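Let me begin by presenting the structure, written as structure tokens, before commenting on it.
The values are calculated or read from the model by the stated rules, or taken from the named source; none is laboratory data. The model shown is predicted, which means the values in this text are computed figures rather than measured ones. We place every Cβ from the backbone using ideal geometry, glycine too, and count neighbours over all the protein chains shown.
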Amino acid sequence: MLPAMTWLLLALHILLISAFGLRILLRDDLRPDVRMGWLLVMVLLPYASCLLYYLFGEAALGRGRSRKRLNTHAYLLAHAPASQLQQLQLGNTPQAAAASMGAARQAIAPRWQSAFAYAASVNGFVPQGGHQAELLADGAQARARMLQDMDAAQQEILVLYYIWLPDETGTAMAQALMRAAQRGVRCRAMVDGLGSRSLLRSPLWQQMGAAGVELAVALPVHRPLHVMLTSRIDLRNHRKITIIDRHTTYCGSQNCADEAFHIKPRYAPWVDIMLRMQGPLVLQLQWVFASDWGQSDAKPFVPQAFVPQTFEPPTPAPQPQAPEDGAPGPAEGFVAVAIADGPTERPRSTPQLVATLLASAQREVVISTPYFVPDATVLEALCTTAWRGVQVSLILPARNDSWIVGAASRSSYRRLLQAGVQLYEYRPGLLHAKTLCVDGELSLLGSTNLDLRSFDLNFENNVLLQDRTLTQAIRARQQDYIRDSFAVTATQVRAWPWWRRIWHNLLAMLSPVL
């Protein structure tokens, strides 16, 4: 007969496995294959898998924080004054925003209306016209324009970055904020607790606070054990938001760091893409920023209304795609909408948006992303789009700063190439630009990568816009990336040794936690 202690340990074992197994079975948001994977691992490695599931199995923001953290739409309804809700054309539900897109519907081509309707359903932001934008030549010009706008600011500057390094770029940005704060401009700076940990540990962060810049940390990790026990340490705020005087914003992939990226110099230069924009989208992004700010430990604030202005041409000379001085005011211009995704928003919204955009394509789709670990929705949509005759081009970095992601990306190469997708690997540095252009008319760009981390774990911000001139300028930039890349062929992939294929597929199995 078994000793009493053995029976007790057996009962605890069964209770532990049953509790985690029931939790997995009760989750309606899990795909069947993911649920089966967790259950299988729980049988094979019961204790290790229970620990892994507790730490990484759910996108939970912590017991206390989960009650406090609202999605963007709920935060807006709770804090925005009626006048701003009217300016935003925000409905009571995101579905209402998707159903009635207001006056912008007339400016949206019929074939893109479903894509904009889906985008509106994520946060409840209604697509609006009246936008002007300038595609900046490179990271250096983006920084120069940003600093120029900050030095001219008179009312308010809001900045949020996933990575802010205390390098030349990071120091220049901090000094611009300090100069603005000292002349009376209200400055708020927010960074991710993990991505910007080197800045948080540097004297520059304290100097900014002492100079009058209001500071906040998104998802702090200064108590890692507490975070691991109550939340997920790999949930990160990956957004890049810069808003100046309530009328100008910068959208794109660029963090607050030099292209040399001294924490990973062997992969440099980091190649990014940035837009300088004005229009109703500014107020939408103000509220995305305010939502993150108000749900940190900082004192909440209510954004001021969008201030329309005549779009200023770039310096020193306008690019062909930028409007000239005296361009039409906010009543004209192209249609755009902000999209803020994250663990608090509707699950799977970004891959579903990408699939909607791909389904709208008739001629070509060109995508660049540094991290490509797609879920089944995006992978199937890419293959389906190529199979029906649309030219699909995918540009990825040849050398990835995450060797795991780089290998996992290549596990899907054979299937993509069989469908007719054109694959390119960029050589000169790490291609960090996240772009998606459809038929030379529609663009999606921002902070989101085509990987499960961006889909499920990161807080991201993007802009969807319809404008032929601007999209063709972005498309020309993508063509520059292709010229600096080599084409990956089916023959090359078939020549990979068997052990390399196994290695790629094994790492792809870890994609939910990459």
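Based on this model, can you work out whether T471 counts as within 15 Å of E364 (Cβ to Cβ), assigned to a helix (DSSP H, G or I) and hydroxyl-bearing (S, T, Y)?
Details: within 15 Å of E364 (Cβ to Cβ): yes; assigned to a helix (DSSP H, G or I): yes; hydroxyl-bearing (S, T, Y): yes.
In short, yes.
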Within segment 446-481, work out how many residues are in contact with a Gly (Cβ under 7 Å, 6 or more places away or on another chain), surrounded by fewer than 23 Cβ atoms within 10 Å (Cβ to Cβ) and in contact (Cβ under 8 Å) with a residue 60 or more places away in the chain. 2
Applying the selection to segment 375-407, what residues are of a type in the set (S, T, N, Q) and part of a helix (DSSP H, G or I)? T377, T384, T385
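Do we have F486 as modelled with pLDDT of 95 or more, surrounded by 23 or more Cβ atoms within 10 Å (Cβ to Cβ), part of a strand (DSSP E or B) and aromatic (F, W, Y) here? Show your work before the answer.
Numbers: modelled with pLDDT of 95 or more: yes; surrounded by 23 or more Cβ atoms within 10 Å (Cβ to Cβ): no; part of a strand (DSSP E or B): yes; aromatic (F, W, Y): yes.
Against the criterion (modelled with pLDDT of 95 or more, surrounded by 23 or more Cβ atoms within 10 Å (Cβ to Cβ), part of a strand (DSSP E or B) and aromatic (F, W, Y)), F486 does not qualify.
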Take segment 408-438 and flag every residue that is in a helix (DSSP H, G or I) and either under 18 Å from the mean Cα position of the chain (by Cα) or crowded, with 18+ Cβ neighbours inside 10 Å (or both). A408, S409, R410, Y413, L416, L417
Quick one: G129 ticks every box in (1) under 24 Å from the mean Cα position of the chain (by Cα); (2) over 25 Å from A476 (Cβ atoms) bar one, so which box is it? (2)
Which residue out of G139, G130, G212, G170 is in contact (Cβ under 8 Å) with a residue 12 or more places away in the chain and closer than 24 Å to Q295 by Cβ? G212
What number goes with the only condition from (1) touching a Cys at 6+ places or on another chain (Cβ under 6 Å); (2) under 30 Å from L61 (Cβ atoms) that N449 does not pass? (1)
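Would you check if A176 is crowded, with 23+ Cβ neighbours inside 10 Å and either at pLDDT 95 or above or closer than 30 Å to L85 by Cα (or both)?
Details: crowded, with 23+ Cβ neighbours inside 10 Å: no; either at pLDDT 95 or above or closer than 30 Å to L85 by Cα (or both): yes.
So A176 does not fit the description; no.
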Output the residues belonging to segment 198-213 that are crowded, with 18+ Cβ neighbours inside 10 Å and closer than 19 Å to L158 by Cβ. L199, L200, L204, W205, M208, V213
Please specify each residue of segment 145-193 satisfying the condition of being of a type in the set (S, T, N, Q) and outside any loop (DSSP other than H, G, I, E, B). Q148, T169, T171, Q175, Q182
Among the residues of segment 372-397, what is the count of those that are surrounded by fewer than 24 Cβ atoms within 10 Å (Cβ to Cβ) and of a type in the set (F, W, Y)? 1
Considering every residue within segment 346-364, establish whether at least one is under 15 Å from H79 (Cβ atoms), at pLDDT 80 or above and among the polar types (S, T, N, Q). no
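If we keep just the residues of segment 214-245 that are of a type in the set (K, R) and modelled with pLDDT of 95 or more, which is surrounded by the fewest Cβ atoms within 10 Å (Cβ to Cβ)? Break it down into steps so the answer makes sense when it comes.
Taking segment 214-245 and keeping what is of a type in the set (K, R), we get 223, 232, 236, 239-240.
Still in the list and also modelled with pLDDT of 95 or more: 239-240.
Working: R239: 26, K240: 24.
The extreme case among them is K240.
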Enumeration of residues in segment 106-119 that are buried (at least 16 other Cβ atoms within 10 Å of the Cβ), in contact with a helix residue (DSSP H, G or I) (Cβ under 8 Å, 6 or more places away or on another chain) and in a helix (DSSP H, G or I): W112, Q113, A115, F116, A117, Y118, A119
Given the conditions (1) assigned to a loop (DSSP other than H, G, I, E, B); (2) touching a Leu at 6+ places or on another chain (Cβ under 9 Å); (3) surrounded by 18 or more Cβ atoms within 10 Å (Cβ to Cβ), report the number of the one that M101 does not fulfil. (2)
Which of the residues belonging to segment 269-296 are buried (at least 24 other Cβ atoms within 10 Å of the Cβ) and among the small types (G, A, S)? G279, S291
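With S121, S83, S100 as the choices, which residue is at pLDDT below 95 and within 28 Å of R475 (Cβ to Cβ)?
Details: S83 fails: within 28 Å of R475 (Cβ to Cβ); S100 fails: within 28 Å of R475 (Cβ to Cβ).
Testing whether each residue is at pLDDT below 95 and within 28 Å of R475 (Cβ to Cβ) leaves just S121.
Of the residues A152, A115, A78, only one is out of contact with any strand residue (DSSP E or B) (no Cβ under 6 Å at 6 or more places or on another chain), assigned by TED's automatic domain parsing to the domain that holds M190 and of a type in the set (A, V, I, L, M); which?
Unique residue meeting the criteria: A152.
Give the residue that is surrounded by the fewest Cβ atoms within 10 Å (Cβ to Cβ), with candidates limited to residues of segment 81-90 that are part of a loop (DSSP other than H, G, I, E, B) and within 24 Å of the chain's Cα centre (by Cα).
Just the residues of segment 81-90 that are part of a loop (DSSP other than H, G, I, E, B), to begin with: 81, 89-90.
Still in the list and also within 24 Å of the chain's Cα centre (by Cα): 89-90.
Details: Q89: 19, L90: 23.
Filtering segment 81-90 for residues that are part of a loop (DSSP other than H, G, I, E, B) and within 24 Å of the chain's Cα centre (by Cα), the one surrounded by the fewest Cβ atoms within 10 Å (Cβ to Cβ) comes out as Q89.
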Only one of (1) of a type in the set (V, I, T); (2) under 26 Å from the mean Cα position of the chain (by Cα); (3) surrounded by 17 or more Cβ atoms within 10 Å (Cβ to Cβ) fails for I24. Which number is that? (2)
